[in-house]
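Taking it in order: structure first as structure tokens, then the write-up.
The values are calculated or read from the model by the stated rules, or taken from the named source; none is laboratory data. Since this is a predicted model, take the numbers as computed values, not measurements. Cβ atoms come from the backbone with ideal geometry, glycine included; neighbour counts cover every protein chain shown.
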Amino acid sequence: MKKFVAVVLVLMLLAASTVSLAQGVAKEDIKLGVILLHDEDSTYDANFINAVKEAQASLGLSDSQVILKRNIPESNDCYEAALDLVDDGCNIIFADSFGHESYMLEAAKENPDVQFCHATGTTAHTMGLDNFHNSFAAIYEGRYLVGIAAGMKLNELREAGKLNGETPLLGYVGAFTYAEVVSGYTSFYLGAKSVCPDVTMKVQFTGSWYDEKEEKTAAEALIAVGCDVISQHADSMGAPTACENAGVPNIPYNVPTIASCPNTYIVSSRIDWAPYFEYIIGQLMAGEKIATDWVGTIETGSVKLDEINTQVAAPGTEEAIQATIEKFAAGTCRVFDTQTEGFITVDGAALTEDWRPGEATDGAFVEGTKIVYDGYFHESEYRSAPYFDIQIDGIELLNSKF
């Protein structure tokens, strides 16, 4: 009889646990831990910190319900930081850098009752864990839009006879040759090309997400070879500062630099992570599953353009950007458009519906996955993190060892 009662009690506890999960987590019991590669000095990490604070205020969470762990490298330190956050009672843990993923995954395997969410990662869709999730945003659309601003500035410089060479030349400071960076600089270039068809671009890599000295040096190298407008996928003020010092129009990333670079800043794009933080917390409160791969869009408020500096931007820039946003919404404009003749070519040949990625895209897809069809490359539809890693004509890599 005692054994029967014990079994009944266990079943009742299990049932209560299931009901509790279905009912979700009360707001006052939410605790969010955030692992950051750097701190507020990094424009990339500052963007995440601002988003956490915005989501916290929007949801009415107290300071005791949010823990930020700054300057956590892409090493076993991330795993230890995640375990510390578990010990601190966090039921959602988020990490913001690509190299954090393997350590977050290990922590997720060991703590199935805690939700682990990772930005820019690539493995959640193949791991099959209910508590491990990847997220990103369609920032390639944001970069395309600021590319339009760059292309219009190039046209203005040409009309004024102020190009450094015979044809317009963009420069781009990149961190690594990862697909995320390749997708970013290619979409920026294509945005410029959509309004300035003969533009070309040179890319200089730093081998680091955040190195102000290297980013400044890279921008100076691009300026030295005659780039007319420069953008970046790197996390410091190095490139914008070099551009301001040299008087070269600049399009930064993650934060507007109009206050510190008033003579060269045009516009900036960024991912607003507040909608994702609000989403994952909302799902936990509702007892609903968090998406394995989540992609934020312009419509979700996740892809943002910061203020346009009308003192530097070409006339009509804002109107041209808004018109393209409307085309994105209508499905009449695609960033990686493969059907417009000459828009995207590789060694002089168009990308066709027969092109399929295999191991080249970070092992994300089995051989034969079809990515180019219906007239465009379907970026971020098969996983959240970008996988466009094709070197197209018109873009020259000045160094590619990273």
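Suppose the filter is under 18 Å from residue 274 (Cα atoms), at pLDDT 95 or above and touching a Lys or Arg at 6+ places or on another chain (Cβ under 7 Å); does residue 39 pass it? Can you show your working first?
Details: under 18 Å from residue 274 (Cα atoms): yes; at pLDDT 95 or above: yes; touching a Lys or Arg at 6+ places or on another chain (Cβ under 7 Å): yes.
When the stated conditions are applied, residue 39 passes them.
Residue 116 passes all but one of (1) aromatic (Phe, Trp, Tyr); (2) surrounded by 23 or more Cβ atoms within 10 Å (Cβ to Cβ); (3) under 23 Å from residue 394 (Cβ atoms); which number fails?
(3)
Residues to consider are 141, 180; find the one that is touching a strand residue (DSSP E or B) at 6+ places or on another chain (Cβ under 9 Å), of a type in the set (Asp, Glu), under 25 Å from residue 44 (Cα atoms) and at pLDDT 95 or above. Spell out how you get there, then give the answer.
On the way: 180 fails: at pLDDT 95 or above.
Just one listed residue meets the conditions, 141.
Could you list all residues from the range 54-63 that are assigned to a helix (DSSP H, G or I) and either surrounded by 16 or more Cβ atoms within 10 Å (Cβ to Cβ) or of a type in the set (A, V, I, L, M, F, W, C) (or both)?
54, 55, 56, 57, 59
If I go through the range 338-385 residue by residue, how many of them are exposed (fewer than 13 other Cβ atoms within 10 Å of the Cβ), modelled with pLDDT under 60 and at positive phi?
Looking only at that region, the number is 2.
Just give me the residues in the range 147-173 being of a type in the set (Val, Ile, Thr) and surrounded by fewer than 21 Cβ atoms within 10 Å (Cβ to Cβ), in sequence order.
167
Answer with yes or no whether residue 195 is over 21 Å from residue 306 (Cα atoms) and of a type in the set (A, V, I, L, M).
Spelling it out, it is not the case that residue 195 is over 21 Å from residue 306 (Cα atoms) and of a type in the set (A, V, I, L, M).
Residue-wise test of (1) in a helix (DSSP H, G or I); (2) out of contact with any helix residue (DSSP H, G or I) (no Cβ under 7 Å at 6 or more places or on another chain); (3) on the phi < 0 side of the Ramachandran plot.
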| residue | (1), (2), (3) |
| --- | --- |
| 170 | no, no, yes |
| 189 | yes, no, yes |
| 197 | no, yes, yes |
| 219 | yes, no, yes |
| 227 | no, yes, yes |
| 230 | no, no, yes |
| 235 | no, no, yes |
| 243 | yes, no, yes |
| 248 | no, no, yes |
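If a residue has to be of a type outside the set (Ser, Thr, Tyr), surrounded by fewer than 19 Cβ atoms within 10 Å (Cβ to Cβ) and assigned to a loop (DSSP other than H, G, I, E, B) to count, how many in the range 273-292 make the cut?
4
For the range 119-130: of the residues being of a type in the set (S, T, N, Q) and crowded, with 18+ Cβ neighbours inside 10 Å, which is farthest from the chain's Cα centre (by Cα)?
Narrowing the range 119-130 to residues of a type in the set (S, T, N, Q): 120, 122-123, 126.
Those still in the list that are crowded, with 18+ Cβ neighbours inside 10 Å too: 120, 122-123.
Working: 120: 7, 122: 13, 123: 16 Å.
The qualifying residue farthest from the chain's Cα centre (by Cα) is 123.
Being over 30 Å from residue 315 (Cα atoms), β-branched (Val, Ile, Thr) and in a helix (DSSP H, G or I), is that true of even one residue in the range 146-157?
no
Kindly list, by first and then second residue, each pair from a residue in the range 192-209 that is farther than 18 Å from residue 149 by Cβ and touching a residue at least 12 places away in the same chain (Cβ under 8 Å) to a residue that is in a loop (DSSP other than H, G, I, E, B) and among the charged types (D, E, K, R), limited to pairs with Cβ atoms under 7 Å and residues at least 6 apart or on different chains.
Short answer, once both residue conditions are applied: 209/235.
Could we say that residue 102 is among the polar types (S, T, N, Q), surrounded by fewer than 20 Cβ atoms within 10 Å (Cβ to Cβ) and either touching a Cys at 6+ places or on another chain (Cβ under 7 Å) or modelled with pLDDT of 95 or more (or both) here?
Answer is yes for this residue.
Hey, residue 205 hits all of (1) closer than 21 Å to residue 41 by Cα; (2) at pLDDT below 95; (3) surrounded by fewer than 24 Cβ atoms within 10 Å (Cβ to Cβ) but one; which does it fall short on?
(2)
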